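Beneath this line is the structure, given in C-alpha cells, with notes to follow.
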Amino acid sequence: MLILGLCNLASHNNSSSLLFNHQMYFFKTPYLLKAIYPSLIWNIPTKDKVIYLTFDDGPTPGITEKVLELLKQHDAKATFFCLGKNVVAHPDIFQAIVSSGHHVGNHSQNHLNGWKNADEDYFADVKLCSETIKSSLFRPPYGRIKFSQARFLKNQYKIIMWEVLSGDFDKFISKENCLKNVLKLTSPGSIVVFHDSLKASEKLFYALPIILKEFTKNGFRFETIPY
Ligand SMILES: [Zn+2]
C-alpha cells in the first residue's frame with residue numbers, strides 16, 4: 001500500500017552494512033524503493049554538481065527566517081514544503097520565502113498521515129492547502145502515501161520524495177550524525193530533506209551552515225526543484 005515513512009520504517013544504509021536504527025528508516029533511499037515507485041520523484045538525474053535542499057513543515061517563526069538568511073549567505077536556493085495551516089498563521093514569512101526566489105510546495109494543510117486517513121479526507125486536506133500554496137509540487141507528510149492517493153495526486157502534482165534524509169527530526173540521533181549523513185550520502189542531483197521546525201532546529205542549525213560551506217567549497221550549487 002505504501003511507501004517509506006519519514007518517521008518510521010527503514011535503515012541506515014552505510015556503505016556495505018545496513019544498519020537499522022531504532023526507528024527504522026533509510027537515510028538514503030535505496031534503489032529498490034525508487035524502482036517500486038517510479039512515478040514519484042526521488043532525485044533529479046544530473047551529472048552537474050547541483051543539490052536540491054528541501055525544508056518541510058514551516059513556515060516557523062524564528063526558524064524559517066534564519067534558514068533564509070543562511071541560504072542567502074551562500075547564494076543558495078531551496079524548496080520549502082509548507083503546511084497550509086502555518087502559511088495561514090504566518091503569511092509574512094511565507095511571502096519572504098517566495099520573494100527570496102525559493103520554490104514552495106504543498107505539504108498538506110494539517111500534516112495528515114496518508115496511511116491513516118481515507119482518500120477523500122486526505123485529498124480534501126491537500127486541496128485546502130492548495131488555496132494558499134499555489135504549486136505543482138506535493139510532498140506527502142511523513143512520506144506516507146497510499147498507492148491510491150499517489151495515483152490520484154500525480155495527475156495534479158509532481159510528488160517529490162527525497163534521496164537523503166538528514167534525520168534532523170530524530171531526537172535519537174546526534175547533530176554530528178545528522179551532519180555526517182548529509183555530507184556522506186549527498187551526490188549530484190540529490191534531493192535532501194530538512195525541517196524548518198522547532199523540533200529540528202538544533203540539528204538543523206548545526207548541520208546546515210557546514211553543509212552549505214562544504215559543498216560550495218567543492219563546487220556544488222543549490223537550486224530549487226525544477227518543476
Ligand atoms: Zn512534514
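Odds and ends about this structure:
- Ranking of 164, 98 by count of other Cβ atoms within 10 Å, fewest first: 98, 164
- When the C-alpha to C-alpha distance is required to be over 25 Å, the pairs from 134/175; 85/116; 72/154; 49/72 that qualify are 134/175; 72/154.
- At an R0 of 41 angstrom, the distance between the Cβ atoms of residue 113 and residue 183 translates into a FRET efficiency of 0.85.
- Cα shape, the chain, gyration tensor, a/c 1.5 rule: rounded
- The Cα atoms of segment 20-132 give a gyration tensor whose axes a ≥ b ≥ c have a/c of 1.5 or more with a/b no greater than b/c, which makes the shape oblate.
- Amide hydrogen neighbours beyond the local backbone of residue 50, cut-off 5 Å, H modeled: 189, 221
- Comparing 140, 206, 178 along the charge dipole axis of the chain, the residue lying farthest to the positive side is 178, per the Cβ-charge model.
- Over the chain, relative contact order from alpha-carbon pairs under 8 Å, at least 6 apart, %: 29 percent
- Cross-link partners of residue 217 among aspartates and glutamates, defined as those whose alpha carbon lies under 19 angstrom from its own and excluding same-chain residues fewer than eight positions apart: 48, 69, 75.
- The stretch between residue 33 and residue 175 holds 48.5 nm of extra length on full extension. This uses 0.36 nm per residue minus the Cα-Cα distance.
- In order through segment 26-42: 3J(HN,Hα) via Karplus (6.51 cos²θ - 1.76 cosθ + 1.60), integer Hz, x for Gly, Pro: 8, 6, 10, 5, x, 3, 4, 5, 5, 6, 6, 10, x, 7, 9, 9, 10
- The amide H of residue 55, built 1.01 Å from its N in the peptide plane, has 79, 80, 81, 194 as neighbours under 5 Å, considering only residues 5 or more places off or on other chains.
- The stretch between residue 151 and residue 120, if pulled fully straight at 0.36 nm per residue, gains 9.8 nm over its current Cα-Cα span.
- Build a GNM of the chain with springs between Cα atoms under 10 Å apart, and of 107, 195, 90 the one that fluctuates most is 90.
- Counting other Cβ atoms within 10 Å as a rough exposure proxy, the listed residues 225, 97 run 225, 97 from fewest neighbours to most.
- The lysines within cross-link reach of residue 66, meaning a Cα-to-Cα straight distance under 17 Å and a gap of 8 or more places when in the same chain, are 77, 199, 203, 213.
Here, each number is a calculation from the coordinates, and none is a lab measurement. Here the structure is a predicted model, which is why all the values come from computation and not from measurement. All Cβ positions, even for glycine, are placed from backbone atoms using ideal geometry, and neighbour counts span all protein chains on display.
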